[in-house]
Amino acid sequence: MADKIMIIGYGSTGKYVLDMIARLPEFEDCEITVVSRTKEDEAQKRINLTRVSAGIFGNYPKIKYISCDINDTEHLSTVLVSESPHVIAYTGRYMKGFKYGEFSYPNGIGYGVWTPMSAVLVAKLMKAVKRSGIDTKVINTSYGDAVSPLLAAYGLAPYTSAGNLNHLIPRIARAYEALADTPAKKADITFVGSHYVNTYISKEGTARGSEYLLNIKGNTKVTDEEIFRRCAEPTASGPERNIMIASDVVMIIRYLLDKSDRVHKFHVPGPFGKTGGYPVLFSRGEMKLDETVFTEEEMTKVNRQSLSCDGIEKTDENGIHFTDEVIGKMKAIFNLDYPKTLPLEDCERFAEKIAEGLMRWKNAQGSGN
């Protein structure tokens, strides 16, 4: 029986995921279904490009498109039952083309304030999965450091999330290669920390007060500070940046479909609904926390502190608990009244309010007021 992969969301991330999978021979026998609210004729044109380019590589993947609005959880659950994918990659976004960084980074605001927007659609997907009753593993690409534990508190956790912390690993490997004369491919790196750490090490070469855990096997020469300074590499902005998270998704799918005894080490945010980012091990199509260097207790403690730097004190069955600092900044800069605690069921309503406030602010900036 062929492995079945479903990609939900067909923006830039979803397109990159499909392009990569289609070109890799190991996925050629898989059945791939793309689901989004894009009209079928428009989506099919882009999928046809993927098919042709894959054929140039000598691959002829089986790709199907289904038009379905993720907001319609009843229809989505019906689609899930009929397709019964082994793995689902959620790559959607609440606001198409919306980049949190253009609002957060220049204003020194933690990215956790956008969690209400990040949680809305993946929560609907997880409700549809639960309703369908199918056995599948969901990979979430929307701010997993906080969204995964938030959904876990409501019994809706994805299997894992993707991105964020793992984007630092190649940077650290290349920095270590330059400093310790060790091939980047051979650097055995174990790193723990939240999205905040990834943001500031990759942009500024510093963890900016966030706790983290870093171990490079055999390293006795190079300090963390020396490594981090070399990690500050500028990258393209806009949709092109999503090629990184798409790469994460494809590798996780690859590991989940590998039923061999081989062990694959990786770094992910929100595994099993946990807060922040962790090293994990994949084997026989299953994932577990990697505790060979740091204990789960050590990693959990660091991640909770690290996430607070991003503006979130914690997530639990009552919802998202924001820090006083980030509440003050959102009021002062965007004139948005954030509550101390926001329940999951109120996220969609509040996400609409955030979107309206940001558009007002952006328009005011453009007019010079």
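See the values below:
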| quantity | calculated |
| --- | --- |
| Residue list for segment 149-176, filter: over 10 Å from the mean Cα position of the chain (by Cα), assigned to a helix (DSSP H, G or I) and either within 20 Å of Ile7 (Cβ to Cβ) or not charged (D, E, K, R) (or both) | Pro149, Leu150, Leu151, Ala152, His167, Leu168, Ile169, Pro170, Ile172, Ala173, Ala175, Tyr176 |
| Some residue of segment 84-91 being in contact (Cβ under 8 Å) with a residue 40 or more places away in the chain, surrounded by fewer than 20 Cβ atoms within 10 Å (Cβ to Cβ) and of a type outside the set (A, V, I, L, M) | yes |
| Whichever residue in segment 251-308 is over 19 Å from Asn140 (Cα atoms) and of a type in the set (S, T, N, Q) and, among such residues, is farthest from the chain's Cα centre (by Cα) | Ser260 |
| Tally of residues being among the hydrophobic types (A, V, I, L, M, F, W, C) and either part of a strand (DSSP E or B) or within 14 Å of Tyr196 (Cα to Cα) (or both) across segment 302-342 | 8 |
| Of all residues making up segment 227-239, the number that are out of contact with any Phe, Trp or Tyr (no Cβ under 9 Å at 6 or more places or on another chain), open to solvent by 70 Å² or more (accessible area, probe 1.4 Å) and of a type in the set (D, E, K, R) | 1 |
| Residue match in segment 36-45 (condition: within 21 Å of Ala246 (Cβ to Cβ), in contact with a strand residue (DSSP E or B) (Cβ under 9 Å, 6 or more places away or on another chain), in a helix (DSSP H, G or I) and not β-branched (Val, Ile, Thr)) | yes |
| Among (1) surrounded by fewer than 17 Cβ atoms within 10 Å (Cβ to Cβ); (2) in contact (Cβ under 8 Å) with a residue 40 or more places away in the chain - the single one Asp41 does not satisfy | (2) |
| Verdict on Val192 being surrounded by fewer than 19 Cβ atoms within 10 Å (Cβ to Cβ), of a type in the set (A, V, I, L, M, F, W, C) and under 23 Å from Ser306 (Cβ atoms) | no |
| Residues that are over 17 Å from Ser148 (Cα atoms) and either at pLDDT below 95 or open to solvent by less than 20 Å² (accessible area, probe 1.4 Å) (or both), drawn from segment 339-351 | Phe350, Ala351 |
| Residue list for segment 82-133, filter: within 25 Å of Leu257 (Cβ to Cβ), hydrophobic (A, V, I, L, M, F, W, C) and under 16 Å from the mean Cα position of the chain (by Cα) | Val87, Ile88, Ala89, Leu121, Val122, Leu125, Met126 |
| Failed criterion for Gly163 (all others in (1) within 18 Å of Pro271 (Cβ to Cβ); (2) modelled with pLDDT of 95 or more hold) | (2) |
| Complete set of residues in segment 241-257 that are more than 16 Å from Ile5 (Cβ to Cβ) and either open to solvent by less than 20 Å² (accessible area, probe 1.4 Å) or among the acidic types (Asp, Glu) (or both) | Ile245 |
| Residue within segment 97-115 that is basic (Lys, Arg), open to solvent by 30 Å² or more (accessible area, probe 1.4 Å) and at pLDDT below 95 present | yes |
| Meets criteria (free of Cβ contacts under 8 Å to residues at least 60 places away in the same chain and either within 17 Å of Pro239 (Cα to Cα) or in a strand (DSSP E or B) (or both)) for Ile32 | yes |
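The values are calculated or read from the model by the stated rules, or taken from the named source; none is laboratory data. Predicted, not measured: the structure shown is a model, and the values here were computed from it. Every residue, glycine among them, receives a Cβ derived from its backbone with ideal geometry; neighbour counts consider all protein chains shown. Heads up: the accessible areas ignore ligands, DNA and RNA and are worked out on the full protein's heavy atoms, side chains in. Shrake-Rupley method; radii C 1.70, N 1.55, O 1.52, S 1.80 Å.
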